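Worksheet: one structure, shown below.
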Amino acid sequence: MIVIGVDVHKQSVTAVAVDEAGRMLDERTAAVGSDKLIGWAGELAEERLWALEDCRQLTRWLERQLLTHGEDLVRVPPKLMAPERRAGRSRGKSDAIDALAVARAAVREPDLSRPRPDEQVFRELKLLVDHRDDLVDERRRTQQRLRWHLHQLDPTFAVPLRMLGRSSHLERVSRWLARREQELQVRLARELVVRCRSLTRTITELDRELERGTAETAPALLELPGCAAVTAAKLLAEIGPIDRFKSDAQLARHAGVAPLDASSGRVQRHRLDRGGNRQLNSALYRIAITQARYHPEARAYLERKQAEGKSRREAIRCLKRLLVRVVFQTMKTNPALT
């Protein structure tokens, strides 16, 4: 069997074929959208595995093309390529070197993820969540620009912090601007008010759509204290099919909430993992902070950890690790996700 590593760009695709020992056999470059690589691969060997760098904004079209032709493929996380590049004999960086690193990483790692027929619902949730995050960022920037315009027009006109997201305060600002002389800066500020209202309406509609999608996909997540629809959708979007993970420990490592062993000699200690999926880590943190304020069991757990000598931040990290176990078990017992 051969493994074909692929490095995909916007205009070109470079593929390198290696044998089971990782020795390079051949390479080929084709234009994006072309099916020449499939014909080239067919001339090399009948039994082959395609390895694609996991950059799905660039590789989704190629995944569809390969699956349509009945090809077998795996996704290689970019972090697995760096050790292969360092170990290679060719120095520097090129598309061929990257494709070779992808192929050798696939040879070394037998349990890489593959496209699944049930991942479409998670992809759609991720598209919605990412779009909502972009709109929230845009609204925040728009509110900041509006606040500066208001300050320049009249420093005594006070708008409380975080209140420009409320329709009542936007209406107050709109009426105040309407009473002023319609100079250029006033007109710009009024346009920003209209933009804030439009963004808020769109975000609200997305929230409803995410709530419906989450309720249909994993309603049990919504019953988790501190986990509302947007956070539940973020968990589903970043975790994907739960069968990807064999245990909650593997999911915790993926989320970056499992402590890393940093022992040496007689010193036995662990340190914070700053890697992992930071979006997933952030969602777990929001749940942990909410539970720490309002959930009696979580508050008792934090008090117990702090009584053991842990700081507040360390106790929150322990709670996040516990939450991973709860989320894993919740998704595992959901028939729609297994």
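The values are calculated or read from the model by the stated rules, or taken from the named source; none is laboratory data. A quick note: this is a predicted structure, and the numbers were derived from the prediction, not measured. Cβ: placed from backbone, ideal geometry, glycine included. Neighbour counts: every protein chain shown. Side chains included, ligands, DNA and RNA excluded: accessible areas come from the protein's heavy atoms. Shrake-Rupley method; radii C 1.70, N 1.55, O 1.52, S 1.80 Å.
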Only one of (1) outside any helix (DSSP H, G or I); (2) at pLDDT 90 or above; (3) over 26 Å from residue 244 (Cα atoms) is not met by residue 75, so which one is it? (3)
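Does residue 215 satisfy the condition of being open to solvent by less than 10 Å² (accessible area, probe 1.4 Å), of a type in the set (A, V, I, L, M), more than 14 Å from residue 333 (Cα to Cα) and in a helix (DSSP H, G or I)?
On the way: open to solvent by less than 10 Å² (accessible area, probe 1.4 Å): no; of a type in the set (A, V, I, L, M): yes; more than 14 Å from residue 333 (Cα to Cα): yes; in a helix (DSSP H, G or I): yes.
No.
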Of the residues in the stretch 174-189, those that are open to solvent by 90 Å² or more (accessible area, probe 1.4 Å) and either basic (Lys, Arg) or touching a helix residue (DSSP H, G or I) at 6+ places or on another chain (Cβ under 8 Å) (or both) come to 175, 179, 187
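Which residue, of 90, 94, is over 21 Å from residue 1 (Cα atoms), out of contact with any helix residue (DSSP H, G or I) (no Cβ under 8 Å at 6 or more places or on another chain) and of a type in the set (S, T, N, Q)? Quick ask: steps written out before the conclusion?
Numbers: 90 fails: out of contact with any helix residue (DSSP H, G or I) (no Cβ under 8 Å at 6 or more places or on another chain).
Step by step, each of 90, 94 is checked, and only 94 is over 21 Å from residue 1 (Cα atoms), out of contact with any helix residue (DSSP H, G or I) (no Cβ under 8 Å at 6 or more places or on another chain) and of a type in the set (S, T, N, Q).
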Within the stretch 19-71, can you find the residues that are open to solvent by less than 40 Å² (accessible area, probe 1.4 Å), of a type in the set (Ser, Thr, Tyr) and under 22 Å from residue 81 (Cα atoms)? 59
Of (1) modelled with pLDDT under 95; (2) open to solvent by 50 Å² or more (accessible area, probe 1.4 Å), residue 209 satisfies every one except (1)
Name every residue in the stretch 97-106 that is within 17 Å of residue 37 (Cβ to Cβ) and over 25 Å from the mean Cα position of the chain (by Cα), in order of residue number. 100
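Just name the residue that is surrounded by the most Cβ atoms within 10 Å (Cβ to Cβ) out of those in the stretch 72-96 that are over 20 Å from the mean Cα position of the chain (by Cα), under 20 Å from residue 28 (Cα atoms) and of a type in the set (A, V, I, L, M). Give the steps one after another, and end with the answer.
Residues of the stretch 72-96 over 20 Å from the mean Cα position of the chain (by Cα): 72-73, 82-96.
Those still in the list that are under 20 Å from residue 28 (Cα atoms) too: 72-73, 84-85, 88-96.
Now narrow it down to the ones that are of a type in the set (A, V, I, L, M): 73, 96.
Working: 73: 20, 96: 18.
Step by step, filter the stretch 72-96, then rank; the result is 73.
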Are any residues in the stretch 113-152 open to solvent by 20 Å² or more (accessible area, probe 1.4 Å) and touching a Pro at 6+ places or on another chain (Cβ under 8 Å), and if so, which ones? 116, 118, 119
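How many residues are at pLDDT 90 or above and more than 15 Å from residue 283 (Cα to Cα) when one looks only at the stretch 254-269?
Step one: list which residues in the stretch 254-269 are at pLDDT 90 or above, which gives 254-257.
This time we only want the ones that are more than 15 Å from residue 283 (Cα to Cα), so: none.
So the answer is 0.
Does residue 171 satisfy the condition of being charged (D, E, K, R), open to solvent by 20 Å² or more (accessible area, probe 1.4 Å), out of contact with any Phe, Trp or Tyr (no Cβ under 6 Å at 6 or more places or on another chain) and under 30 Å from residue 285 (Cβ atoms)? Talk me through it step by step, then tell me what you get.
On the way: charged (D, E, K, R): yes; open to solvent by 20 Å² or more (accessible area, probe 1.4 Å): yes; out of contact with any Phe, Trp or Tyr (no Cβ under 6 Å at 6 or more places or on another chain): yes; under 30 Å from residue 285 (Cβ atoms): no.
So residue 171 does not fit the description; no.
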Test each condition in (1) open to solvent by less than 40 Å² (accessible area, probe 1.4 Å); (2) touching a residue at least 40 places away in the same chain (Cβ under 8 Å); (3) of a type in the set (A, V, I, L, M) for residue 1 and report the one that comes out false. (1)
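Select from the stretch 97-112 the residues that are in a loop (DSSP other than H, G, I, E, B) and in contact with a helix residue (DSSP H, G or I) (Cβ under 8 Å, 6 or more places away or on another chain) and write down the one among them that is surrounded by the most Cβ atoms within 10 Å (Cβ to Cβ).
Here is the first cut: in the stretch 97-112, the ones in a loop (DSSP other than H, G, I, E, B) are 109-112.
In the following step, the residues that additionally are in contact with a helix residue (DSSP H, G or I) (Cβ under 8 Å, 6 or more places away or on another chain) were identified as 109, 112.
Working: 109: 13, 112: 18.
Among them, the one singled out is 112.
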By residue number, the members of the stretch 25-50 that are in contact (Cβ under 8 Å) with a residue 24 or more places away in the chain, hydrophobic (A, V, I, L, M, F, W, C) and within 13 Å of residue 1 (Cα to Cα) are 41, 44, 45, 49, 50
Enumerate the pairs (first residue in the stretch 269-296 and touching a residue at least 12 places away in the same chain (Cβ under 8 Å); second residue anywhere and open to solvent by less than 60 Å² (accessible area, probe 1.4 Å) and part of a strand (DSSP E or B)) with beta-carbon separation below 7 Å, excluding pairs fewer than 6 apart on the same chain, so at least 6 apart or on different chains. 271/260; 273/260
Candidate set: the stretch 153-168, residues that are among the polar types (S, T, N, Q) and either in contact with a Phe, Trp or Tyr (Cβ under 9 Å, 6 or more places away or on another chain) or closer than 23 Å to residue 202 by Cα (or both); chosen: the one most open to solvent (accessible area, probe 1.4 Å): 167
